[in-house]
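The values are calculated or read from the model by the stated rules, or taken from the named source; none is laboratory data. Note that the structure is predicted; figures quoted are calculated from it, not measured. So basically every Cβ, Gly included, is an ideal-geometry build from the backbone, and we count neighbours across all protein chains shown. The accessibility values were calculated without ligands, DNA or RNA, using every heavy atom of the protein model including side chains. Shrake-Rupley method; radii C 1.70, N 1.55, O 1.52, S 1.80 Å.
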Amino acid sequence: MMAKAKRVLLVEISDIVIAGIVPIVESTGEFKVVSTVSSLGRHEISALDYDIMIVNPASDGLEIMEKLAQGQDRHRVVLLAHESYPERITGMFSNVISLYDSKARILKILRDVLVERNDARQNDELSLREKEILTAVAKGMTNKEISDAFNISINTVMTHRRNISAKLGINTISGLTVYAVINKLIEI
């Protein structure tokens, strides 16, 4: 028996994009787009029933998305990128889907978001790799630099950073730096 499909909320203003992404998301039966809205501004986010939210930041403006992505549900928010966004934006989201991603990649990202969300809730202690990533972040390294230094993908770096923030409840680089200093992961 197949598990119940995970509910996806799509925040998108383009009918063409909606017409393209919905069949991809629903193609395996694992996910069901339960609602499509052009803006979150008219909706009470906590009242919306979803497992994952896919968001085009142009739909609401980045100010609203920053508030949403930094809240407790940030592990369920995936950026739908129509263009290249700077790291300070992409880092706020659980993951990034590009309009140029393949069907297989889009489905993998959605599956990974669910796994990461569950894993982050189950274990609050930082792993050795997470401590290494935290140290690199506290030293001011970018996601790309961390990726190169540890020979891992940028998506893996972003996943580690999200998990670190979730476990520690710290969402800023300065806060993570203070944590690293206090816990003797780095020296001043």
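Some notes on this structure:
- Under the Karplus curve 6.51 cos²θ - 1.76 cosθ + 1.60, θ = phi - 60°, whole-Hz ³J(HN,Hα) for the range 163-170, x wherever Gly or Pro sits: 5, 4, 4, 5, 5, 8, x, 10
- Which of HIS82, HIS160 is most accessible, then next, and so on - probe 1.4 Å: HIS82, HIS160
- Rounded, prolate or oblate (a/c below 1.5 giving rounded, otherwise prolate when a/b exceeds b/c) for the range 83-188 by Cα gyration tensor: prolate
- Rounded to the nearest 10 Å², the accessible area of VAL22 at probe 1.4 Å: 30 Å²
- Taking the Cα atoms of the range 145-188, the ratio Rg/Rh between the radius of gyration and the Kirkwood radius comes to 1.01.
- The range 4-44, Cα convex hull volume normalised per residue, Å³: 50 Å³
- Of THR28, THR90, the residue with the largest accessible area leads and the full order is THR28, THR90 (1.4 Å probe).
- Between ALA58 and GLU83, the simple label model (points 7 Å from Cα in the Cβ direction) yields a spacing of 0.7 nm.
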